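S.K.: Supplied in structure tokens, the structure appears directly below.
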Amino acid sequence: MDNEPQMSEELENLYQEYWNFHGTMFDKDHNPLEIAAILVAQGLTLYKTVLDEEDYNKMVTSIIESSQKVLKLTPDMGILH
């Protein structure tokens, strides 16, 4: 049984919209490491903006603790070139 919370349809649509955008950046031959750096920096900036310091620190800790659960993309997934 999967213990991960399910995304709402609205969140799933937003996720997919951003995923498609990232795909277009790959298609334009942008460096995947540069794309990832921008996404992480922007995400942390948004968290820092909307969360108080305690919640921000909890979020960063949660990100670090869940880092082993992150999906590794492979060329057969059609994302990386």
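The values are calculated or read from the model by the stated rules, or taken from the named source; none is laboratory data. Because the structure is a prediction, the values reported are computed rather than measured. Every residue, glycine as well, gets a Cβ built from its backbone with ideal geometry; the counts of neighbours run over all protein chains shown.
S.K.: Within the group Met25, Met77, which residue is exposed (fewer than 10 other Cβ atoms within 10 Å of the Cβ) and at pLDDT below 90?
M.R.: Met77
S.K.: Are any residues in the stretch 25-81 aliphatic (A, V, I, L, M), over 18 Å from Tyr15 (Cβ atoms) and not in a helix (DSSP H, G or I), and if so, which ones?
M.R.: Matches in the stretch 25-81: Leu51, Leu80.
S.K.: Just a yes or no: is a residue in the stretch 60-77 touching a residue at least 12 places away in the same chain (Cβ under 8 Å) and over 23 Å from Pro5 (Cβ atoms)? I'd like the intermediate steps shown before the answer.
M.R.: First, pick out the residues of the stretch 60-77 that are touching a residue at least 12 places away in the same chain (Cβ under 8 Å): 60.
Pick out the ones that are also over 23 Å from Pro5 (Cβ atoms) and you get none.
So far as the stretch 60-77 goes, no, none of its residues is touching a residue at least 12 places away in the same chain (Cβ under 8 Å) and over 23 Å from Pro5 (Cβ atoms).
S.K.: So for the stretch 32-39 (the condition being among the small types (Gly, Ala, Ser), modelled with pLDDT of 90 or more, at negative phi and loosely packed, with under 10 Cβ neighbours inside 10 Å), does at least one residue qualify?
M.R.: No: the stretch 32-39 contains no residue that is among the small types (Gly, Ala, Ser), modelled with pLDDT of 90 or more, at negative phi and loosely packed, with under 10 Cβ neighbours inside 10 Å.
S.K.: I'm told Gln6 meets every condition in (1) of a type outside the set (Val, Ile, Thr); (2) loosely packed, with under 12 Cβ neighbours inside 10 Å; (3) part of a helix (DSSP H, G or I) except one. Can you identify the failing condition by its number?
M.R.: If we test Gln6 against (1) of a type outside the set (Val, Ile, Thr); (2) loosely packed, with under 12 Cβ neighbours inside 10 Å; (3) part of a helix (DSSP H, G or I), just (3) comes out false.
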